[in-house]
Amino acid sequence: MEIFLRYVSDPRFQSGVANDMGVERSTVSRTFSSILDKIVSKSEDWIKFPRTIEDMDQANADWASKFRIPTVIGAIDCTHVHIMKPSEFGDEYVNRKGKTTINIQITCDANEKITSVDAQWPGSVHDGRIWRVSGIQDVMRRYDGDVYLLGDSGYRITPWLLTPFDEPRNARERNYNSTHAQERVIIERVFGQMERRFLILSSQIRVAVKNVPNLIISCVMLHNAAKHLNDAWEEEDGIENGVAEENVPLYNLDKNEVINKRRDQQKRLEISNNLMM
């Protein structure tokens, strides 16, 4: 386990860890793979998205104890990790900034624990597309507006995802956007904590692309374990503004989508009004 922890925490990767610990590089690779498999096999015990009414109520109560926007159970966002360019379909992994990455979607709760992770997408895939096919959205859809996640402006407002006003027109909407940003920043803190705990995530991950998803999942599990043990970690707050792909004009939506979007916009407006009371 010590070799694995050094591997994900040491930016020099395999050769540096092997030299420091006095073992062969091949030993590091074998140990890394073995420990990785064992950690990921326990993923369902440590990465849990609320699915029952009781779990949703608890997640909402936790959020309400710290924040102001009602009926929220967590936040959602994506982040990119730098990888080696694969020999097959390598261009699919080049993101809009020209870097070879995997785009990772996570959700987190009010306690900064990660409740879901999807680490299978090439860097060229937009956040909104990942969300549209996400199993987490299927879970949220069952509650149809009773609970929400907070997402940035790169997402499209839905009955289970609250986004900022694109162009706030008055003090109420500006106040809502400010409150939304202050609360959604929790997921940026989680990203920051992850990168500081596991320096491999802020460097180039030099393992085969097929192994990267499990590596990410293992780091998520260890992050949640650290939170469970109240392992404090300093981080800098930061808010990144998403690039809106999903601000779709109504004329590009079908009738049901128009009705739903207007309902969701009305819900957001009601929340913004209540925040000013």
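Please treat every number below as a calculation from the coordinates, not as lab data. Computed from a prediction, not measured in an experiment: that's the story for all the values here. Glycine gets a Cβ as well: all are built from the backbone with ideal geometry, and neighbour counts include every protein chain shown.
Observations
- Cα-based equivalent ellipsoid, the range 104-242: semi-axes from gyration tensor eigenvalues, Å: 27, 18, 15
- Ordering of 221-228, 157-164 by packing [mean C-beta count within 10 Å, highest first]: 157-164, 221-228
- Packing order of peptides 85-91, 49-55, highest average first: 49-55, 85-91 (average count of other Cβ atoms within 10 Å over each peptide's residues).
- The length gained by stretching the chain between Glu167 and Ser124 to full extension, at 0.36 nm per residue less their Cα-Cα distance, is 12.8 nm.
- Pairwise label distance in nanometres, Val185 with Ser41, each label 7 Å out on the Cα-Cβ vector: 4.2 nm
- With the convex hull of its Cα atoms as the shape, the range 35-85 has an orientation-averaged projected area of 5.9 nm².
- Here the calculated FRET efficiency for Arg132 and Met84, from their Cβ-Cβ distance with R0 = 41 Å, stands at 0.90, rounded to the nearest 0.05.
- This model, with +1 at the C-beta of Lys and Arg and -1 at the C-beta of Asp and Glu, gives the range 54-113 a dipole about its Cα centre of some 460 debye.
- Within the range 96-122, backbone nitrogen closer than 20 Å to the virtual label 7 Å beyond the Cα of Arg51 toward Cβ: 105-110, 113-120
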